[in-house]
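In what follows, a single structure is set out as structure tokens and then discussed.
FYI, it's all coordinate maths here, none of it is from the lab. Since we're looking at a predicted model, the values are computed, not measured. Note: ideal-geometry Cβ built from the backbone for every residue, glycine included; neighbour counts use all protein chains shown.
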Ligand SMILES: Nc1nc2c(ncn2[C@@H]2O[C@H](COP(=O)(O)OP(=O)(O)OP(=O)(O)O)[C@@H](O)[C@H]2O)c(=O)[nH]1
Ligand SMILES: [Mg+2]
């Protein structure tokens, strides 16, 4: 096994600026709690076959706060001055921006010849309804690609049209235009969705509107102001140019979008600028544009093809294709805004190689990309304990005092604690079954995992010390007193890193909702076994 590639030390200097009194109080608290073997109030020792208490029943009600369904934006102009509509040239798929072609099914834009002649080739007035390519049709209505060859990959095996390098070149052209750049990041996968060459795409002069999307997935107790402060600090630390404005939103529920839409419309109208929506694949760019279409007067609403159900949350006719597959949009898609005076462009997302999602197939992605807020689990792990995150990653408590580990992952990824000494045996026995995704064969194909080792200094039981991020999968927040060595094994080339905790005070939240997962089951307060949401998908495939 390949060991210790990435050593991250949580520097004591991070705490040096805090008031001395607070530090002393923490030290006193840590001492009262003993040498780390005793637990803070509200926690008890975890045993392998422990029956965990139930999640707080009203957690969902408390959560949404600002990120529930939002009212439409209050706009200062009459609707006819704002009218927006999807406008793609003839011969281009409005779902993904690819040029139509009828000769090769495994290339983007494929439409069978009779459809091309009957629909896509006709002028706008004659078109019965918008034709979309076979790839978009598969993603919209079957949640899958017609063929795996149509996937955007980071390796050189894929055709030129599907390579991230082509998309990067397209996006770099934006820097030469005078426009507003709307950069979208997925706040639940922040470090997996921050495009490193974003500054080169924005250009020096263009105003940047930063949008932290998927706020509906964050734990209930997190305040929007705290998340915004955290996003600003993280952006500064990776050298992103200062944003003109920052918005925490959920493009799924519409929460936080009204002020963003007002701001965007104002900037475009005042400066007579077009706007480009950019970001990593899967960040939610197309979902955002579809919201703009709805808010400014033109939206989906077409019917699903006969015999096929319309999927909730999926784009329909009159909208851009969205899906959990990274690399859905393949070209610029234009939306005319402000009654045709300006344009808003969707763009292809960048598939980043360090993201675990780039290794997964569509079925696995359906499990791993979170759709709704998960039940976040907290476990206390001592030396020699490990937690298996489905078959996709393993967290090991290598040395030091026991710490609390809070797992922020999609619900369909099982959190399975075991002894480190038994990991190989448990993986061998349960791969593809209890420990799915992925299937046993796909796990084999992922090859040897790489181990990343981190030295962690605790900040006491009331403040998370660090987040260990597995880009594309989620993160583990580590809390405790003293120090410990933690390692994470994940398939190459997943870039496991540490960062300042997003949820700074996880303990108070998780104390009430302490959940311990064993495989795909959890037990409620009355001792009854409940199936975890999404657990049906974790059976052997
Ligand atoms: N929970 C949640 N899911 C979201 C949100 N916004 C988008 N999604 C989901 O995230 C996935 C990706 O959304 P898209 O809009 O296709 O993302 P994109 O940035 O256009 O992706 P590419 O076209 O691949 O670059 C879809 O499954 C969306 O339903 C959100 O605010 N909350
Ligand atoms: Mg898209």
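Counting neighbouring beta carbons within 10 Å and listing from fewest to most, the residues 214, 263 come out as 263, 214. Cβ crowding within 10 Å, taken as a proxy for footprinting-reagent exposure, orders 197, 155 from fewest neighbours to most as 155, 197. Label-to-label distance, residue 102 versus residue 149, with points set 7 angstrom from Cα along the beta-carbon direction: 2.0 nm.
Quick note on the range 389-482: its Rg to Rh ratio, both from C-alpha atoms and Rh being the Kirkwood radius, is 0.98.
What shape does the range 208-259 have by the C-alpha gyration tensor, where a ≥ b ≥ c are the square roots of the eigenvalues, rounded means a/c under 1.5, and otherwise prolate means a/b greater than b/c and oblate the rest? It comes out oblate by the Cα gyration axes.
Order 400-409, 493-502 from most to least packed using the mean count of other Cβ atoms within 10 Å. Don't skip to the end; give the middle numbers.
Values: 400-409: 22.4, 493-502: 20.8.
Top of the packing list down: 400-409, 493-502.
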